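A.B. asks: What follows is a structure written as structure tokens; I'll ask about it next.
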Amino acid sequence: MTGVRVLVGTRKGAFILTADGHREAWQVHGPLFGGWEVYHLAGSSADPDRLYASQSNGWFGQIVQRSDDGGARWEAVGNEFAYTGDPGTHLFYDGSEQPWRFTRAWHFAPSLDDPDVVHAGVEDAALFRTDDGGHTWSELAGLRGHPSATSWQPGAGGLCLHTILVHPDDPATMHVAISAAGVFRSEDAGESWTPANNGLHSGFMPEPEADVGHCVHKLARHPSRPDVLFMQKHWDVMRSDDGGRNWYEISGDLPSDFGFAIDVHAHEPDTVYVTPITSDEEHYPPDGRLRVYRSRTGGNEWQPLTAGLPQEHCYVNVLRDAMAVDSMDPCGVYVGTTGGQVYASADAGDHWSPIVRDLPAVLSVEVQTLT
Amino acid sequence: MIRIQLPQQLRSLAGIAGEAGVEVPPPVTLGAALDALEATYPTLSGTIRDHGTTRRRSFIRIFADGEDLSDAPPHTPLPRAIVEGRQPLRVVGAIAGG
């Protein structure tokens, strides 16, 4: 088919929403893995019918599901995420030492050119990789081997590795982000890592500009300009022009610079989207109005996008993996909420309408553009 | 043949409609029964016991002929009613969450 396939992970299963290029009439498929939390689904750009889903719950742990036909049929593949060697400890919320323990996979990042290769970001924070389509997973232990790892502490959602960016032209260069440790950069395919948090300021830390300890919520970038990174932090929207070595603030005129999700327009590298949330204590939009904000200037100057979004009595959240863009023309933008709505805009954010209104709380939204 | 009763989500995962049936050579112990279950239905590996440690997952309980074997060591013999197939070994998800 030609069109889009929206992959939605929720607290109680997964859903696949499909439409043609007009993105007006939608088919809803699901729930898949009903009753399970699905933190993320991701499709391979090398083979769009190859999908991966992270299925988990507190009773039965982690399952990894794989589809080879675009989501019609699924197969449970390998679910063993074993830390390398003695996993040691990190810090718990109260500052006590806590043994490293796998809880779930938060995010899958399929390789750009091999559908069998996927990186997985997990809780407690670590990076794993499969080279055999998900049957076996191996830790890239250099990340957790960084000397700062014993001091990493979880954010409210857990000590999670939620963002994986592999350089589109140089796969050996990678960025990951961990809540609440910050950004780390590797230039040797994950063997060794360097903190990439210079310029971040986090008031909850004893040393607000420390190398490590920042609660980075999400990173995004445009593939044509891989050294320009955008960040939604616990507070502050940030930008780096040098591959994460240095960051500067671009919150500008946003009504709140707290939030979780951030993404970049598919065809305009300086057009960025965020969804401001009131505060770290009030996880809902300012003034009860769900507004996606768009900057066409790479930050600082932000325009509220409201047409079709609820503008009163709206107290949902948009979680870190719940915003995505397609690469149709014009660019489509998608936002999932904890209230179970998935909103779509087929005109780069100017107008919105709900694809679905009553799903379980949405944890993640990804979009595949099918040609 | 040992009968094992599983929660619905694990039955769905294993692709079975009713009880699981597994052959367990003697001596029929708790650990041997779970080993046989995971060997017969590999997708259940890690869902009842953690990989590596084989420690029971926190929200799983295991009952046999009225006994709570949740914290019993793996070499614990299963009751005769289970061994003879008159009753199922019950793997139960704890009441938690929503």
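The values are calculated or read from the model by the stated rules, or taken from the named source; none is laboratory data. Model, not experiment: these values are computed from the prediction. FYI the Cβ positions are ideal-geometry reconstructions off the backbone, even for glycines, and counts take in every protein chain you see.
A.B. asks: Out of the strands (runs of 3 or more DSSP E) lying entirely within segment A:86-201, which hold 2 or more residues that are loosely packed, with under 15 Cβ neighbours inside 10 Å?
C.D. replies: Answer list for segment A:86-201: A:97-99.
A.B. asks: Also, quick follow-up: Pairs, please: C-beta under 8 Å, at least 6 apart or cross-chain, first residue more than 23 Å from B:R55 (Cα to Cα) and in segment A:60-84, second modelled with pLDDT of 95 or more and among the basic types (K, R)?
C.D. replies: That search, which allows pairs on different chains as well, returns A:R66/A:R50; A:S67/A:R50; A:S67/A:R73; A:D68/A:R50; A:G70/A:R5; A:G71/A:R5; A:W74/A:R66; A:E75/A:R66.
A.B. asks: Return yes or no: is B:A96 small (G, A, S), within 14 Å of chain A (Cβ to nearest Cβ) and over 14 Å from the mean Cα position of the chain (by Cα)?
C.D. replies: yes
A.B. asks: Mind listing just one residue for me: the one in segment A:63-87 that is at pLDDT 95 or above and touching a Phe, Trp or Tyr at 6+ places or on another chain (Cβ under 7 Å) and, of those, farthest from the other protein chains (Cβ to nearest Cβ)?
C.D. replies: Ranking the qualifying residues of segment A:63-87, first place goes to A:S67.
A.B. asks: Here's something else I'd like to know. What's the number of the condition A:S251 fails, among (1) out of contact with any Asp or Glu (no Cβ under 8 Å at 6 or more places or on another chain); (2) crowded, with 17+ Cβ neighbours inside 10 Å; (3) within 16 Å of A:L200 (Cα to Cα); (4) among the polar types (S, T, N, Q)?
C.D. replies: It fails just one condition, (1).
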